Structure formats: structure tokens, C-alpha cells
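Before any comments, here is the structure.
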Amino acid sequence: MRRHFIAGIVDYGYNCLQMGKEEQSMGIVIKNVVVDEEGSVKSVNLRIEDGVISAVTEEAIQELPGDTVIDGKGKFALPGFVNAHTHIPMSLFRGLADDISLDTWLHDHIWPAEKRLTDDDVYWGSLLSLAEMLRSGTTQIADMYFHTDSIARAVSEAGMRGTLSYGIVAHRLDQHGKDEISKAREVVKDYHGSSHGRIRTAISPHAIYTCGRDVWRAATALAREEHVPLHIHLCETRAEVEWSMKNWGHSPVTALDDLGVFSVPTIAAHCVHVNEEEIRLLAQRSVTAVHCPKSNAKLGNGHAPVVSLLSAGVNVALGTDGAASNNSQDMLEEMRMASLLQKAALEDPTALPARQVARMATENGADALGMGARRIAVGEDADIVLVRLDGVDTVPAYEPFSALVYAAHARNVTDVLVAGEFLLRDGELLTIDEERVKYEVVNRFGSIAPN
Ligand SMILES: [Zn+2]
């Protein structure tokens, strides 16, 4: 296949959607692939038409002229992974400042480096994360950052789904605070429903310690007015809870609930330091908790009570957080960390089994963001990842979820589709020129890293 590069991006994807109905089938058939159907694992054939899964069957599927046919033998087909909390341009800061406290990390390294970022830096940093994400099976993200135009451009060109937001930081609703709210509104106006409906938006007051009460009220009102969710950081550190008790007189969960924040659908990253009462409240308010185990562990912030959150009925999704605190954007690694940390912390090998953590990385994330595939079934969006289970690191793969969560690596991911469009095909990225992206990032790094 011949491909044409435009500004570092392969001109491929959307033509597929426009071609062909009158010419011939542009369907995709995936043969002999392993899927999980309502708890039972089986080998099936899949057909994809017009971006949607139209058949999942153990019977043979008749191939039509123009179909793309893939041999799925030895592969596990799953709905694409949903990275429900990240800051994609932060791949630029991967490894910039490790093994130090969160406070020092933010004040002395990350925030000064972020001040120097340009729109182009953010664009290339975003593509770097998106390339890594596609290579490890992610089809959808929830992002919070600034320079949001550059992020939207990158997500759109990559062909992925994204719920994008501007991270509001303002202690008062003074002119600066109002400007921050306006920037958040602009993102909704400019991008909600863009990129063929693959981009949606959210409102993101950053955290309780970076936004004042009036700012929280204004952000919540804006989300309600625009019918978009809130995407926030919540109870990430013990220090945050202590700060909130001192300055707001309550824990972050209680303080924000008192303000009416959770009356709007909320995607809350971290939820590490929450007690049983707060967990019940999060469940009642339909807050999604996004577990970010690797970032929490690396920054020494502890581990979220995932088993308690799930058993209380909280929708728990999974996210990597930014690459500065992770240092990767790989949901396979995140699933493994999530399961192993719960088992270790609770001294219980039955805690957070492989199938459950895979559901957090797929269905629960798609539920929180309200788009994309929830499972491999007829009528679902064809957001599909194929993972090789016949590699040296996964055979004999007695149980595909065990192989996926405890053994597989990004190199086992061979194909990724979003809305029936290949973004990774047989190990090759089709929408991102990764050599150009690496060149641009390495070339710019000198201007970003502090001396
Ligand atoms: Zn974050």
C-alpha cells in the first residue's frame, strides 16, 4: 500500500470511510479470533461494516469482493483500551525528574518546564504519546492539559477517540479565573463532536488545591450548561486531604460534594485517599474513579482502595496519568500494575482478577466517557485491538485474560481499529509517522529541559 505523508502524518484513514459504497464492500473480516462473549472465551469470525461490528459468529463468514480479510489465529480480540486519565503532551517530560517528592517534582521541574512549551512542542509530544498508546492497544483517551488546539489536532490526525479538556488553575474568580473558565468553554465550543464525532470534551478544574470555591462553582455550572462531564484530580495524596481539611474544613470529597460538583457526571482521577463513607458517596453520585496505579506508586502516593470502590458500586476505570509520572502510556502495563498492587496491598491473590481489571480498562472507561466500544458484540463500534497470544511471552495462554494482563507486552499488539479504520495494521502505524515524531521530540528537547 502506498502512503502519502502530510506534515508528518500519513494520509490514510478517512478516505476509507468515503470510498466505496457504490463500488464494492469495504468490510473487514477477522477470522478465527479469540473473543470473550459474556464470560465465555471462544474462537469466532468477525465482520465489520461502516465502522460497526455487524457479525460475531462461530459460523463461516462469506467474504465479499473488496473485503479486507485478516487471519486472527492465535490472537485475542478486545474492545480498544480506554486510557481514562492522561496528559498526553507530558511524554516530553518522560524521565525529566524521577525519584523525588511530588511537591519538588511539580514546583521545581514540571511547572517551570511547562511554562516554556510552545504549541508545536505540545503537538509533537501529543503524537509521541498517541503513537505509544496505539502500539499498546489504546483507542480512546481522556486528556486534561493546555495548548488544547495542538492536542485536538494530534488526536484528530491519529484517528483516535478523545475526551479533551483545558486544565483550569485559578484560586479566585477574578479576571484570571474568568479567563481560565473562558478557555475551558472555548475547547467545548471548538471541538465537541469534531473529528467525525471521535472528539468530545469535558470541563477540568484541576484539583481542590489549585482552584478556589467560586472557580469550582463556575466550572460545574459550565459543565452542566454544556452537557459535558467534569474531569478532575481527586484525593491523589495524603497532603491534599490534609490541605483540604485545613483550608476548606472538610475532606476533598465532602467539600466538593457540598459545592454540588458531583451533581454533574464526574471523572475523578486517583481517589487514593478516600474512606468508606466517601466511597459510598462517590457511588451514590455516579462519580467514575480513574485508578492510576503506576503514577500513584511511582510518586509514593499509595494505592487506591479499588476493591472497596468496585464492591461499593463505583465505576472504576483505568488511566496512566501523564508520562512524566508513569513513565509510559501503556495500558497493558497499567492493568498489570493495578492487579498486582491490589493483591500485594491486601495480601490476597484473589483481589482484582485479570478479567475484572481488563473490564476496567475497556467497558468501564467507555461507560465513563460515553463513546466507543464496550465489548466485542454486534452493533458495537469497531474499536478493536488484536493481541497475539502465540508469542514466547504468552504461550501456552491457557486463559486469555491471564495471558493479557500478567504476561503480554505492547509488542504483542498487532492491530488497532477505531470505528472500523485501521490505525495500526500488522505492527505498522498508519496515521502517525513515528520516525518524524521521534526526530521532532528529540530535536526540541533541549529547549524544554531546564539546564
Ligand atoms: Zn493527572
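The values are calculated or read from the model by the stated rules, or taken from the named source; none is laboratory data. The structure presented is a predicted model; accordingly, all values stated were derived computationally and were not measured. Here the Cβ is made from the backbone with ideal geometry for all residues, glycine too, and neighbour counts use every protein chain on show. Keep in mind that these areas ignore ligands, DNA and RNA; they rest on the heavy atoms of the full protein, side chains included. Shrake-Rupley method; radii C 1.70, N 1.55, O 1.52, S 1.80 Å.
Place the peptides 34-46, 81-93 in order of packing, highest mean first, counting for every residue the other Cβ atoms within 10 Å and averaging per peptide. List each step's numbers first, then the result.
Numbers: 34-46: 15.1, 81-93: 28.5.
For the peptides 34-46, 81-93, the packing ranking is 81-93, 34-46.
Amide H neighbours of Ser251 under 5 Å, counting only residues 5+ apart in sequence or on other chains, H built in-plane at 1.01 Å?
Here nothing satisfies the definition.
Carbon and sulfur together cover what percent of the accessible area of the chain at a 1.4 Å probe radius? Mind showing how you got there, number by number?
Details: 8830 of 18070 Å².
The value for the chain is 49 percent carbon and sulfur by accessible area.
For Lys343, list the lysines whose Cα falls under 17 Å from its own Cα; do not include residues on the same chain fewer than 8 positions away.
Hits, sequence-local ones excluded: Lys294.
Quick check: net charge around Ala223, other residues with Cβ under 13 Å of its Cβ, Lys/Arg +1 and Asp/Glu -1? Numbers along the way, then the final one.
On the way: positive: Arg185, Arg200, Arg217, Arg224; negative: Glu225, Glu226.
It works out to a net charge of +2.
In whole Hz, with x marking every Gly and Pro, tabulate ³J(HN,Hα) for the stretch 63-73 from phi via Karplus 6.51 cos²θ - 1.76 cosθ + 1.60, θ = phi - 60°.
Karplus values, whole Hz, x for Gly and Pro: 7, 9, x, x, 5, 8, 10, 10, 8, x, 4.
So how compact is the chain: Cα radius of gyration and Dmax in angstrom?
Spelled out, the Cα radius of gyration and Dmax of the chain are 21.4, 68 Å.
Tell me the angle of helix 238-247 to the major Cα principal axis of the chain, expressed in degrees between 0 and 90 and rounded to the nearest ten.
Taking the Cα atoms of the chain, the angle to 238-247 is about 40 degrees.
How charged is the neighbourhood of Ser308? Take every other residue with its Cβ under 12 Å from the Cβ of Ser308, and add Lys/Arg as +1 and Asp/Glu as -1. Could you put the intermediate results ahead of the total?
Details: positive: Arg280; negative: Glu276, Glu277, Glu278.
Once positives and negatives cancel, what remains is -2.
Dividing the alpha-carbon Rg of the stretch 40-84 by 2.2 N^0.38 Å yields what? Let's see the in-between values first.
Details: Rg = 12.1 Å, N = 45, 2.2 N^0.38 = 9.3 Å.
This ratio for the stretch 40-84 stands at 1.30.
Does anyone have the angle between helix 434-448 and the longest principal axis of the chain? Alpha-carbon axes, 0 to 90°, nearest 10?
20
Test of understanding: what is the full-extension gain from Leu64 to Glu276, defined as 0.36 nm times their sequence separation minus their Cα-Cα distance?
Numbers: separation 212, 0.36 × 212 = 76.32 nm, distance 5.56 nm.
Gain on stretching Leu64 to Glu276: 70.8 nm.
Report the relative contact order of the stretch 348-427, percent, no decimals, based on alpha-carbon pairs under 8 angstrom and at least 6 residues apart. Could you put the intermediate results ahead of the total?
Values: 100 pairs, mean separation 20.9, N = 80.
In percent, rounded to a whole number, it is 26.
Under a point-charge model restricted to the Cβ atoms of Lys and Arg (+1) and Asp and Glu (-1), what is the dipole moment magnitude of the chain relative to its Cα centre, in debye to the nearest 20?
It works out to roughly 380 debye.
Strictly over 28 Å apart at the Cα level, which of Lys115/Lys438; Lys42/Lys438; Lys115/Lys189; Lys115/Lys298; Lys246/Lys298 would you flag in this model?
On the way: Lys115/Lys438 22 Å; Lys42/Lys438 39 Å; Lys115/Lys189 25 Å; Lys115/Lys298 24 Å; Lys246/Lys298 26 Å.
Over 28 Å apart, Cα to Cα: Lys42/Lys438.
With charges only on Cβ, +1 for K and R and -1 for D and E, what is the dipole size of the stretch 359-436 about its Cα centre, in debye, rounded to 20? Spell out each step's value before the answer.
Numbers: 7 positive and 15 negative charges, 48 e Å.
The calculation lands at about 240 debye.
Mind pulling the angle between the C-alpha long axis of helix 119-135 and the longest principal axis of the chain? Nearest 10 degrees, somewhere in 0 to 90.
Computed tilt is about 50 degrees.
With an 8 Å cut-off on Cα pairs and a minimum separation of 6 or more residues, tell me the relative contact order of the stretch 81-369 in percent. Show your work: numbers first, answer last.
Numbers: 582 pairs, mean separation 58.4, N = 289.
Relative CO of the stretch 81-369 lands at 20 percent.
Positive end of the charge dipole of the chain (Lys, Arg +1 and Asp, Glu -1 on Cβ, about the Cα centre): tell me which of Pro293, Val442, Leu281 has its Cα farthest that way.
Positive-most Cα among the choices belongs to Leu281.
Label points 7 Å out from Cα along the Cβ direction at Leu346 and Glu225: separation in nm?
Computed distance between label sites Leu346 and Glu225 equals 4.3 nm.
Tell me the per residue accessible area of the chain using a 1.4 Å probe; a whole number in Å² is fine.
On the way: 18070 Å² over 451 residues.
On a per-residue basis, 40 Å².
222 nm [θ] for the chain, helices only, -39500 (n - 2.57) per DSSP H run of 4+, per residue, to 500? Working shown, then result.
Values: 15 runs with 148 residues, N = 451.
Helix-only estimate at 222 nm: -9500 deg cm²/dmol.
If packing is taken as the average count of other Cβ atoms within 10 Å, what order do 412-423, 393-404 fall into, highest mean first? Let's see the in-between values first.
Numbers: 412-423: 24.2, 393-404: 16.6.
For the peptides 412-423, 393-404, the packing ranking is 412-423, 393-404.
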